[in-house]
Amino acid sequence: MKTPRIVKTRSELKAAIAEANPGSLGFVPTMGALHDGHASLFKAAREENELVVISVFVNELQFNDTSDYAKYPRTLDADVQVAAGAGVDIVFAPEAREIYHAGLPLIRLNSGALGEMYEGASRPGHFDGMLAVVAKLLHLADPRQGEYRAYFGQKDAQQVVLIRRMVADLDYAVELRSVPIVRSEKGLALSSRNSLLNEEQLQAALVLHRAIALIAGRAERNEPLNLDDAIGMFQMEPLVELDYFVVVDPGNLQELAFNCQDTPFTGEGLILVAATVGGVRLIDNQPI
């Protein structure tokens, strides 16, 4: 198992990429606290590219709660071990001043209507902050020659839709890859935030997957979805506070017209759910 090269500055990153002179580069931006879900992204990048680069940077602009930002796990040494096990070549682990060298940016991307719904409604400014750092990181990791791909987890489905739109609108020369969700044996979507839950809370959080499975099963059988049944499952879990449970168009995130009680489900959709468990926000989704 090869230990990845750790670089801290944008000049070191550029030099490391230039030295490798890859015919193809796979890039995975992360906020660290890496787990098997992240490793699946790294392995997907490893399969398609000569050089695999990841970033580990906790982006302040994505947090509208300073306490949430302060308690977000920072585990670089452990992260490097996860990266090594998945075949990563370079870990870019900058300080905030290296990314926002002139202070927090005055000019930012606007995520628009797509960024104001669901997660954006509950976390105002989150997606603007996410796009700000992803836009920078995609530039910094760009090899300038050869094939260039970036990998994102499907667990953050709304984020993936927004990044795809940003790449298309701003003509980034990068191919985007979305990698399926990795789950625990019991079905909970892997997340860095899961480590903040105790055992009782982890058990309660499984309602997210059970509710998704209920509606996904009905969709597969072309039955009416009747989302009220899924929402009722959350009402029976006192440790879980539901934010939203919806079925949307996978392309534009608009709620589907047949998101109803009586009409048989046809076509394609995306189940989105967010809930708070023990003060920890969890999200999940599933294409149907």
How much area per residue is accessible in region 108-215 when the probe is 1.4 Å and only protein heavy atoms are counted (Å²)?
44
Summing +1 per Lys or Arg and -1 per Asp or Glu among the other residues with Cβ less than 15 Å from Ala18's Cβ gives -1
Is region 1-59 best put as rounded, prolate or oblate by its Cα gyration tensor, with a ≥ b ≥ c the root eigenvalues, rounded for a/c under 1.5, and otherwise prolate when a/b is larger than b/c, oblate when not?
oblate
Give a residue-ordered list of calculated ³J(HN,Hα) values for region 97-106 (Karplus: 6.51 cos²θ - 1.76 cosθ + 1.60, θ = phi - 60°; whole Hz; x for Gly, Pro).
5, 6, 7, 10, 5, 10, x, 4, x, 7
Please label the shape of region 61-184 as rounded, prolate or oblate, based on the square roots a ≥ b ≥ c of the eigenvalues of the alpha-carbon gyration tensor (a/c under 1.5 means rounded; beyond that, a/b larger than b/c means prolate, else oblate).
rounded
Given axes a ≥ b ≥ c from the Cα gyration tensor, I'd like to know whether region 37-103 is rounded (a/c under 1.5), prolate (a/b larger than b/c) or oblate.
prolate
Roughly to the nearest percent, how much of the accessible area of the chain is carbon and sulfur, given a 1.4 Å probe?
50
Given a cut-off of under 8 Å on Cα pairs at least six residues apart, what relative contact order in percent is computed for the chain?
18
Within-14-Å neighbourhood charge of Ser178 [Cβ basis; K, R +1; D, E -1]:
+2
Per residue, how large is the accessible surface of region 229-288? Use a 1.4 angstrom probe and give square angstrom.
47
In deg cm²/dmol and to the nearest 500, what is the mean residue ellipticity at 222 nm of the chain if only DSSP H runs of at least 4 residues count, each as -39500 (n - 2.57), divided by the residue total?
-11000 deg cm²/dmol
For the chain, what's the radius of gyration and Dmax over Cα atoms, in angstrom?
19.4, 61
Using the membrane-span-like helix rule (whole DSSP H runs, Cα extent along the own axis of at least 20 Å, mean Kyte-Doolittle hydropathy at least -1.0), which helices of the chain qualify?
126-141
Separation of the Ser122 and Arg221 label points, Cα + 7 Å toward Cβ, nm:
2.8
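Quick one: net charge around Gly32, please, counting Lys, Arg +1 and Asp, Glu -1 for every other residue with C-beta under 9 Å from its C-beta.
Summing Lys/Arg as +1 and Asp/Glu as -1 gives 0.
The values are calculated or read from the model by the stated rules, or taken from the named source; none is laboratory data. What you see is a predicted model, and the numbers here were worked out from it, not measured in a lab. As a convention, Cβ positions derive from the backbone with ideal geometry for all residues, glycine included, and neighbour counts pool all protein chains shown. Just so you know, the surface numbers come from the protein's heavy atoms only, side chains and all, with ligands and any DNA or RNA stripped out. Shrake-Rupley method; radii C 1.70, N 1.55, O 1.52, S 1.80 Å.
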